[in-house]
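The values are calculated or read from the model by the stated rules, or taken from the named source; none is laboratory data. Worth saying up front: this structure is predicted, and the values here are computed from it rather than measured. Backbone-built Cβ (ideal geometry, glycine too); neighbour counts: all protein chains shown. Surface accessibility is based on the protein's heavy atoms, side chains included, excluding ligands, DNA and RNA. Shrake-Rupley method; radii C 1.70, N 1.55, O 1.52, S 1.80 Å.
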Amino acid sequence: MTREENKLPREMGTAKLEEVEKGCVLYNLDPIIMKYHYEIDYIHSYGQDSPFFAGLSKGQLLGSRCPACGSTFATPRGHCMNCGARTEWMELPLEGKIHTYTTCYFGSEEFLNETPFTLILVEWPGVDTFFLSRLIGVDPKDVAIGMPVKAKFRRLSQFKPTDVYFVPA
Ligand SMILES: [Zn+2]
């Protein structure tokens, strides 16, 4: 419809809005409880964690190291858990070992279609904490503690924790 056609003709005085054919989902009449679609775009900042997500988009796994006491964190932290000093970024090796694992038969909406899936804690020698990620391509019954794994990265980064996953090394 052109802009001209869309104009209400003033001289008619009885112009009507177009009727809608769309129905609605009604759960209750008194009081009226109905389904209403709601959607927003959310502007989110990763703040000090940004280098970690930028790293994933470049095929790098970044942890952090405390310059004061030498503690290292596979899941990066802005400040040291042990002494509170500000940490520095460090690159983790892409190959590590499974410290422990669990197979999930239920998940949040994001992962429901992928159940069952296996979550692993990855360990590296000399790194003081573990990294939580997903193990792909291994039957849950074949997963083992100590299994060598290597990081893979999604080709099209979404700047999300799921940009990285692990496969057998
Ligand atoms: Zn420290």
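General remarks:
- Only a single criterion out of (1) modelled with pLDDT of 95 or more; (2) open to solvent by 50 Å² or more (accessible area, probe 1.4 Å); (3) out of contact with any strand residue (DSSP E or B) (no Cβ under 9 Å at 6 or more places or on another chain); (4) not basic (Lys, Arg) is not satisfied by Glu95, namely (3).
- Across the range 140-155, a minimum of one residue is classified as away from the ligand (no atom under 16 Å from the Cβ), in contact with a Lys or Arg (Cβ under 6 Å, 6 or more places away or on another chain) and either assigned to a loop (DSSP other than H, G, I, E, B) or modelled with pLDDT of 95 or more (or both).
- Residue under evaluation Leu112, criteria (1) open to solvent by less than 30 Å² (accessible area, probe 1.4 Å); (2) within 17 Å of the chain's Cα centre (by Cα), criterion not met: (1)
- Here Thr102 meets each of (1) free of Cβ contacts under 8 Å to residues at least 40 places away in the same chain; (2) among the β-branched types (Val, Ile, Thr); (3) surrounded by 14 or more Cβ atoms within 10 Å (Cβ to Cβ) with one exception, condition (3).
- Here is the figure for the range 111-153: residues that are over 15 Å from Thr75 (Cβ atoms) and touching a residue at least 12 places away in the same chain (Cβ under 8 Å) total 19.
- Test result for Leu121, away from the ligand (no atom under 16 Å from the Cβ), under 22 Å from Leu61 (Cα atoms) and in contact with a Phe, Trp or Tyr (Cβ under 6 Å, 6 or more places away or on another chain): yes
- All positions within the range 81-92 that are assigned to a loop (DSSP other than H, G, I, E, B), within 15 Å of the ligand (Cβ to nearest atom) and open to solvent by less than 90 Å² (accessible area, probe 1.4 Å): Cys83, Gly84, Ala85, Thr87
- The range 59-80, subset within 19 Å of Val122 (Cβ to Cβ) and free of Cβ contacts under 8 Å to residues at least 40 places away in the same chain, residue farthest from the ligand (Cβ to nearest atom): Gln60
- Among all positions in the range 19-35, there is at least one residue which is among the hydroxyl-bearing types (Ser, Thr, Tyr) and open to solvent by 80 Å² or more (accessible area, probe 1.4 Å).
- The residues of the range 115-163 that are polar (S, T, N, Q) and open to solvent by less than 70 Å² (accessible area, probe 1.4 Å), listed by number, are Thr115, Thr118, Thr129, Ser133, Ser157, Thr162.
- Within the range 81-99, tally of residues that are among the acidic types (Asp, Glu) and without any contact (Cβ under 8 Å) to a residue 60 or more places away in the chain: 2
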